[in-house]
Structures are given as structure tokens and as C-alpha cells.
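Enquirer: So that we are looking at the same thing, I have put the structure below in C-alpha cells.
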Amino acid sequence: MTAIKMVEPTQNEFLASLEAKSKRANHFFRTMANRPEVLKNFVPLYGAIMGPGSVERRIKELVYLACSYANECAYCTAAHVASGKKAGITEEEMQAIQTEQDHGFAEPERAAIQYARELTRTADADDTRAALLEHYNDEQIVEITLIAALANFTNRFNNGLGLQPEQ
């Protein structure tokens with residue numbers, strides 16, 4: 001596959017500020033910077049969805065990982081394994097999500113994981129929505145759905161363009 005050009009931080013002030021904050025190159029941002037206005041709007045959207053909200057951090061990471069494993073997105077999986085560990089997800093739990101062995105998770109976690117996975121695979125959630133409703137309020141369900149949608153967006157961006165995690 002012919003690689004899409006990555007924008008250098010010297011060519012985009014916003015990209016340069018993002019990389020200065022993280023102190024490392026970011027292939028996702030450098031590629032998205034081919035559309036600078038999209039990058040500028042994506043960052044606050046991502047923060048609004050993945051930042052503080054009505055759903056605890058651990059659930060957010062479980063949902064993102066469930067989608068990323070289902071889509072086999074190496075880039076997002078690498079990023080969210082790291083952030084998942086910070087949110088208290090163990091290596092064994094990550095393996096369980098990857099292999100779809102969800103029985104060890106608490107019921108609310110399992111409901112969110114299975115909902116995210118079904119939404120990823122079918123763009124629907126007829127089989128798992130009811131279980132989600134048993135454990136979460138409307139605001140939380142919307143937030144979980146936004147996380148799954150965001151994960152699927154980034155998974156498809158990365159997989160479609162062949163982006164791999166930074167070394």
C-alpha cells in the first residue's frame with residue numbers, strides 16, 4: 001500500500017502544539033493533519049467523549065478496547081491498552097476482551113462490552129441494548145454509544161490508511 005503523507009509539525013502549528021504536549025510523534029494526528037480543520041475539531045470532540053463524564057474511566061476503556069479488538073485495529077489497541085492499564089484493566093482482562101471471554105467481568109461491564117462489540121459488528125444493538133438499560137441511565141448509555149462510535153471512527157481511519165503504532 002502506498003502510504004499517505006504524514007504532515008510534519010513544522011508545517012502545522014496545531015499539530016506541533018499537540019506533539020509538544022505529549023512529547024512524542026503521533027502518526028494519527030500527523031495523518032489527520034492532511035485535513036487541518038478536521039484535526040482541530042477532532043481533538044476537542046475526542047476530549048468531550050473520552051474525558052470526564054457520567055461513565056467511569058474503566059468502562060470507557062473497556063468499550064474502546066472491545067471495539068478496537070473486534071476491528072483488529074493495531075493502532076487503537078496499542079493506545080488503549082496503555083490507557084486501559086492506567087484505568088485499572090489487568091492483562092488478564094485485556095486478554096479476555098480480545099478473546100471474547102467476558103464471563104469474568106461484572107454484569108455492568110459485560111453489558112457495556114457486549115453492546116460495544118455488537119454495535120461494532122452490526123451497526124445495531126438489538127441483542128444487547130436491553131442489558132445495557134438494566135445497568136446504566138440514559139446519559140450513560142448515550143456516552144457509551146458515543147465511545148463505541150468514536151472507537152469505530154478511529155479504527156476505520158487507522159485501518160483504512162494502514163497506520164501502525166509508533167515504535
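Enquirer: So which of Glu107, Glu72, Glu56, Glu100 is open to solvent by 60 Å² or more (accessible area, probe 1.4 Å), among the acidic types (Asp, Glu) and touching a helix residue (DSSP H, G or I) at 6+ places or on another chain (Cβ under 7 Å)?
Expert: Glu107
Enquirer: Of these, Ile141, Ile147, which one is without any contact (Cβ under 8 Å) to a residue 24 or more places away in the chain, in a helix (DSSP H, G or I) and surrounded by 17 or more Cβ atoms within 10 Å (Cβ to Cβ)?
Expert: On inspection, the qualifying residue turns out to be Ile141.
Enquirer: Is it fair to say Ala25 is among the hydrophobic types (A, V, I, L, M, F, W, C) and assigned to a helix (DSSP H, G or I)?
Expert: In short, no.
Enquirer: Could you check the stretch 66-122 and list, in sequence order, the residues that are under 13 Å from the mean Cα position of the chain (by Cα) and among the acidic types (Asp, Glu)?
Expert: Within the stretch 66-122, Glu72 is the sole residue that qualifies.
The values are calculated or read from the model by the stated rules, or taken from the named source; none is laboratory data. In this text the structure is predicted, and so the values were computed from the model without any measurement. A quick note on method: Cβ atoms are made from the backbone with ideal geometry, for glycine too, and the neighbour counts reach across all protein chains shown. For the accessible areas, the whole protein counts, side chains as well, though only heavy atoms, and no ligand, DNA or RNA atoms are used. Shrake-Rupley method; radii C 1.70, N 1.55, O 1.52, S 1.80 Å.
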